[in-house]
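One structure is given below, encoded as structure tokens.
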Amino acid sequence: MNRVEGRVKVTGLATYAAEYPVEGVAYAYPVQSLIAKGRVARVDAAAALDLPGVLAVLSVADPPELAEDADAELALFQRREVAYRGQIIAAVVAESYDGARAAADAVRVEYEPADHDVSLRADHPGLYRPEVVNPNFPSDTEQGDLEAGLAQAATVVDVTYTTPVLHNNAMEPHAALAVWDAEGTLLVYDSTQGATTDRDMIAKTLGLPRGRVRVVARHVGGGFGSKGTTRPHAVLAALAARATDRPVKVALTRQQMYDVTGYRTPTIQRLRLGADGEGRLTALEHVAYEQSSTLKEFAEQTAVPARVMYATPALRTAHRLVRLDVATPSWMRAPGECPGMYALESAMDELACATGIDPVELRLRNEPETEPESGLPFSSRDLAGCLREGARRFGWERRDPEPGVRRDGEWLIGTGVAASTYPSKRSPCQAVACVRDGGFLVQVAAADIGTGARTALTRIAAETLGVAPDRVHVELGDSDLPAAPVAGGSMGTASWGSAVVRACEELKKDGREGRADTAEEVRQDSELARHAFGAQFAEVRVSAVTGEIRVSRLLGVFAAGRIVDARLARSQFIGGMTMGLGMALMEETLTDEEFGGFLRRDLAQYHIPACADVPDVEAVWLEEEDERLNPMGSKGIGEIGIVGTAAAIGNAVHHATGHRVRELPITPAKIVMARF
Ligand code: MOS
């Protein structure tokens, strides 16, 4: 089945947030703080207001009315205190985009700067233990005697890895168009991962009842987490429209996205693993150091996957956070699992090298009976199957474990493996299905952020109704539709699909219409450890002359329940793996220690993989039946593809060169500096 909106997308007819034609539209352009900490002493808008076509200047000098309890990142122009360089402190509204942009440069801002601190360090005096890490896990867990487990181990690995600030770079930059009607109801066309949740947040921020706000997001060009929460551009559009009595568009530039749409926190991760003579873990400790802003706490759940992965008599996980003069980190594909599994799976490879046990075999020997930290049974877990099938397909049995010995001219060749995992949860959702025009209409406020959600839900509805997919029309991306959770946490299809199945079942009974709300059904889900698993295999070629690294093969094998649509699933998996390749070798946002904020704020400097970087990437999956997940038997697949990829590549680089780079990204400079 092709994507149902494929034709409108490739013909340019799909309308994105910034593209809706609206009569009398004006444009707002933000003014961003040039200091990382301090106060805005004065905003002089006179010169900007004198420019042709300028309608208004919004700023902290004249705070617009917002809810008292507005989210600190969304409370625009409320406080003179600056929390980070790049924070939006003013905005110009004008007849044209270019006019607004030019006038923004003419706004004079005087600051009272203060000393800032933007550097994460494992010995930072401000580090503390957060109460919980995202979304609601205890920060620290400990079971068994860690020190005893390490003391009795035949082999101990004690290693520290770092990952840099990473930024989502959705193809469609964040944008919103806000339109107030005469009754004071607000319509926002927003680029968002959830119309319902975005509507609720915009309403809360503006102090409006939900019924007075509507969000429309029919097509969204990627998000990866950066559009999973309401971002300031949407609030700015609403405020600017209210101030000027005009519809207002805000379309962020790629560089502005780096400042105000969130990023993945940098991490410093220390792993201590102990193993007995057979490679069985005697102790596992994973401690993650991360940052948040002074505005609010965001605690990435980096060490949480260690609670899921391996059997061990002693397990300690911990998170330490420091509040810096930076923007608040946010969600980026597989928050927690992605950086955490990079470190854990790299450390497992180091343990394999230290014990002389094959890294596939080492993982098989440490398979747990039940979820290690909780003791809960797994609804299903086929990591072992993924490792075995991947090894078979990849030709792993021919692998010589000796690092740094395979050479093809200047190129050193190596292979690596890593495991992946991601939770398989679902959230309450509503849906309506009815007969219309000889076919069927299914309505749910789901978001299709490029994943193919429309297509997946069309299939799910058609299968439940027992009709051909072309008789089903799915309507989504509008908060006026039945309430739905965000496209995030790899829960979209599981959550929306559950409601669509129930609505279609009701429709079959009723003959005309079916309505569903899965709140009660989800509440009654039994207590089980629900996760998808996978195994990532990588082959790299490293130039002994330049340090250049080419990934010549990537294979992912996944056990993710029933796959709803093979073509969409493959696209999600290889998309995630490609993003993992970027994490391994290229992606890094540098923090500007001197001035605050970020350096490398565009795609000329923040490098992401292009097609030539992934000549051979393949994803396959195992048949997995798991009826205790949801009516489809599906696990989420949006995020697991990125998990483990960077570790597999890093492990392959070590196998190729004999050199272990523990600081991502693995750049040519780091290889050359190793002087192997
Ligand atoms: Mo995804 S980072 O949960 O949007």
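The values are calculated or read from the model by the stated rules, or taken from the named source; none is laboratory data. Since this is a predicted model, take the numbers as computed values, not measurements. Here the Cβ is made from the backbone with ideal geometry for all residues, glycine too, and neighbour counts use every protein chain on show.
See the values below:
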{"quantity": "Leu344 being free of Cβ contacts under 8 Å to residues at least 60 places away in the same chain, out of contact with any Asp or Glu (no Cβ under 7 Å at 6 or more places or on another chain) and outside any strand (DSSP E or B)", "calculated": "no"}
{"quantity": "Single match in Glu520, Glu505, Glu548, Glu527 (criterion: surrounded by fewer than 17 Cβ atoms within 10 Å (Cβ to Cβ) and in contact with a helix residue (DSSP H, G or I) (Cβ under 6 Å, 6 or more places away or on another chain))", "calculated": "Glu548"}
{"quantity": "Any pair with Cβ under 6 angstrom, 6 or more apart, that starts in segment 509-526 at a residue that is in contact (Cβ under 8 Å) with a residue 24 or more places away in the chain and ends at one that is surrounded by 10 or more Cβ atoms within 10 Å (Cβ to Cβ) and polar (S, T, N, Q)", "calculated": "Asp517/Gln430; Thr518/Ser498"}
{"quantity": "Odd one out for Ile563, checked against (1) touching a strand residue (DSSP E or B) at 6+ places or on another chain (Cβ under 8 Å); (2) surrounded by fewer than 20 Cβ atoms within 10 Å (Cβ to Cβ)", "calculated": "(2)"}
{"quantity": "Whichever residue in segment 413-453 is touching a Lys or Arg at 6+ places or on another chain (Cβ under 7 Å) and of a type in the set (D, E, K, R) and, among such residues, is surrounded by the most Cβ atoms within 10 Å (Cβ to Cβ)", "calculated": "Asp448"}
{"quantity": "Scope segment 485-538; condition among the polar types (S, T, N, Q) and over 28 Å from Ala217 (Cα atoms); matching residues", "calculated": "Gln524, Ser526, Gln536"}
{"quantity": "Any chance Asp158 is over 22 Å from Glu297 (Cβ atoms) and free of Cβ contacts under 8 Å to residues at least 40 places away in the same chain", "calculated": "no"}
{"quantity": "Ala306 vs. criteria over 16 Å from Pro173 (Cα atoms) and either at pLDDT below 95 or assigned to a helix (DSSP H, G or I) (or both)", "calculated": "yes"}
{"quantity": "Helices (runs of 4 or more DSSP H) wholly inside segment 191-261 containing at least 1 residues that are within 16 Å of the ligand (Cβ to nearest atom) and β-branched (Val, Ile, Thr)", "calculated": "195-206"}
{"quantity": "Those residues of segment 320-358 which are hydroxyl-bearing (Ser, Thr, Tyr) and within 12 Å of the ligand (Cβ to nearest atom), in sequence order", "calculated": "Ser330"}
{"quantity": "When residues of segment 592-614 are limited to those that are in contact with a Ser or Thr (Cβ under 7 Å, 6 or more places away or on another chain) and not charged (D, E, K, R), the one farthest from Glu539 (Cα to Cα)", "calculated": "Phe598"}
{"quantity": "In segment 425-464, residue farthest from the chain's Cα centre (by Cα) [restricted to those that are in a loop (DSSP other than H, G, I, E, B) and among the acidic types (Asp, Glu)]", "calculated": "Asp437"}
{"quantity": "Options Gly641, Gly650, Gly636; residue that is more than 30 Å from Glu505 (Cα to Cα), outside any strand (DSSP E or B) and within 16 Å of the ligand (Cβ to nearest atom)", "calculated": "Gly641"}
{"quantity": "Hits in segment 465-495 - residues which are away from the ligand (no atom under 12 Å from the Cβ), of a type in the set (A, V, I, L, M) and not in a strand (DSSP E or B)", "calculated": "Leu465, Val467, Ala468, Leu476, Leu481, Ala483, Ala484, Ala494"}
{"quantity": "Positions within segment 623-667 being of a type in the set (D, E, K, R) and touching a Gly at 6+ places or on another chain (Cβ under 7 Å), in sequence order", "calculated": "Glu624, Glu625, Asp626, Glu627, Lys635, Glu639"}
